[in-house]
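Q: Sending over a structure as structure tokens; questions will come in a sec.
The values are calculated or read from the model by the stated rules, or taken from the named source; none is laboratory data. In this text the structure is predicted, and so the values were computed from the model without any measurement. For neighbour counting, all protein chains shown are included, and Cβ atoms are generated from backbone atoms with ideal geometry for every residue, glycine included. Accessible surface areas use protein heavy atoms only, side chains included; no ligands, DNA or RNA. Shrake-Rupley method; radii C 1.70, N 1.55, O 1.52, S 1.80 Å.
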Amino acid sequence: MSKRLVIFGSGEIATLARYYFENDTEYEVVAYTVNDEFVDQGTLQELPLVPFSEVPHLYPPEDTDMHVAISYKRMNQLRQQKFEEAKQEGYKLVSYICSRSVIWPDLNVGDNCFILENQTIQPTVRIGNNVVIWSGNHIGHGSVINDHTYIASHVCISGNCSIGERCFLGVNSTVRDFAKIGDDVMVAMHSSVSSNAHDGAVILGSKGEVLSSNDRRARAIKRKYFGVDDVRA
């Protein structure tokens, strides 16, 4: 018998999440939900699209689980906010880990993660809550990915690394072994992390130029890509 799942979101990631859950897990998606002010139609993909305020009454957490399917908007803040609100409503926030990946039995994964295909995740890796890991990445042994972080495709994280909360790692970026990345750090596409990075930094290019959180260029980059200057403000 299938388990019931409501997906928070109405964009591309939400509809993609439905495909993965229904084709690679025991879940059946029964509805979508978004903030009340964004409900401009009654259905999405022939399923009900309901205001978030009504979800606990229509799909109670006693018999329905939830997955928050949002990207890295506002440097992952929005996904964190909805994750916390759904938790407060009593929902179990389920993770998806694609069966078409290489993982080990000791992999530790938190709630509401979305981990797509063709990952190589080595032993003793720990992944926190609400983490998105797109397809085709390498995560080295002993590494830790903390809550609400977003990892794009073809990222190589070497062994014994620590990635902070709400970070963003762009396509084809690399992190050297034993590197420690703080919270709210952006690693740009094709960039290399060769040393530790403090909270709020932006890392650019193959030489790993590090811009501090209060650097004018760092603030401009975050404003352009995430709609926010400094997520800690």
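Q: Hey, any hits in the range 77-99 for a residue that's touching a residue at least 60 places away in the same chain (Cβ under 8 Å) and exposed (fewer than 15 other Cβ atoms within 10 Å of the Cβ)?
A: yes
Q: Only one residue in 33, 43, 15 is touching a Leu at 6+ places or on another chain (Cβ under 9 Å) and open to solvent by less than 20 Å² (accessible area, probe 1.4 Å). Which one?
A: Result: 33 is the single residue among 33, 43, 15 that is touching a Leu at 6+ places or on another chain (Cβ under 9 Å) and open to solvent by less than 20 Å² (accessible area, probe 1.4 Å).
Q: Next up: Being polar (S, T, N, Q) and touching a Gly at 6+ places or on another chain (Cβ under 6 Å): is that true of residue 192 here?
A: So residue 192 passes the test.
Q: While we're on this one: In the range 56-71, what residues are under 23 Å from residue 39 (Cα atoms), surrounded by fewer than 21 Cβ atoms within 10 Å (Cβ to Cβ) and touching a residue at least 24 places away in the same chain (Cβ under 8 Å)?
A: Across the range 56-71, the qualifying residues are 56, 58, 61, 64, 65, 71.
Q: Does residue 211 satisfy being free of Cβ contacts under 8 Å to residues at least 40 places away in the same chain and more than 15 Å from residue 176 (Cα to Cα)?
A: When the stated conditions are applied, residue 211 passes them.
Q: Here is a further query. Could you check the range 162-216 and list, in sequence order, the residues that are within 15 Å of residue 133 (Cα to Cα), in a loop (DSSP other than H, G, I, E, B) and open to solvent by less than 30 Å² (accessible area, probe 1.4 Å)?
A: Of everything in the range 162-216, those that are within 15 Å of residue 133 (Cα to Cα), in a loop (DSSP other than H, G, I, E, B) and open to solvent by less than 30 Å² (accessible area, probe 1.4 Å) turn out to be 164, 167, 170, 173.
Q: Another question, then. Within the range 120-141, is even one residue open to solvent by 50 Å² or more (accessible area, probe 1.4 Å), under 30 Å from residue 18 (Cβ atoms) and among the aliphatic types (A, V, I, L, M)?
A: No; the residues of the range 120-141 include none that is open to solvent by 50 Å² or more (accessible area, probe 1.4 Å), under 30 Å from residue 18 (Cβ atoms) and among the aliphatic types (A, V, I, L, M).
Q: To continue, here is another question. Take the range 71-105 and flag every residue that is closer than 17 Å to residue 7 by Cα, of a type in the set (Ser, Thr, Tyr) and over 16 Å from the mean Cα position of the chain (by Cα).
A: 91
Q: For the range 90-98, check the following and say yes or no: at least one residue is in contact with an Asp or Glu (Cβ under 9 Å, 6 or more places away or on another chain), outside any loop (DSSP other than H, G, I, E, B) and not β-branched (Val, Ile, Thr).
A: Yes, the range 90-98 contains a residue that is in contact with an Asp or Glu (Cβ under 9 Å, 6 or more places away or on another chain), outside any loop (DSSP other than H, G, I, E, B) and not β-branched (Val, Ile, Thr).
Q: Of all residues in the range 146-161, how many are buried (at least 20 other Cβ atoms within 10 Å of the Cβ) and closer than 17 Å to residue 122 by Cα?
A: Residues meeting the conditions: 5.
Q: Looking at (1) in contact with a strand residue (DSSP E or B) (Cβ under 8 Å, 6 or more places away or on another chain); (2) part of a loop (DSSP other than H, G, I, E, B); (3) open to solvent by 40 Å² or more (accessible area, probe 1.4 Å), find the lone condition where residue 4 falls short.
A: Just one mismatch for residue 4, condition (2).
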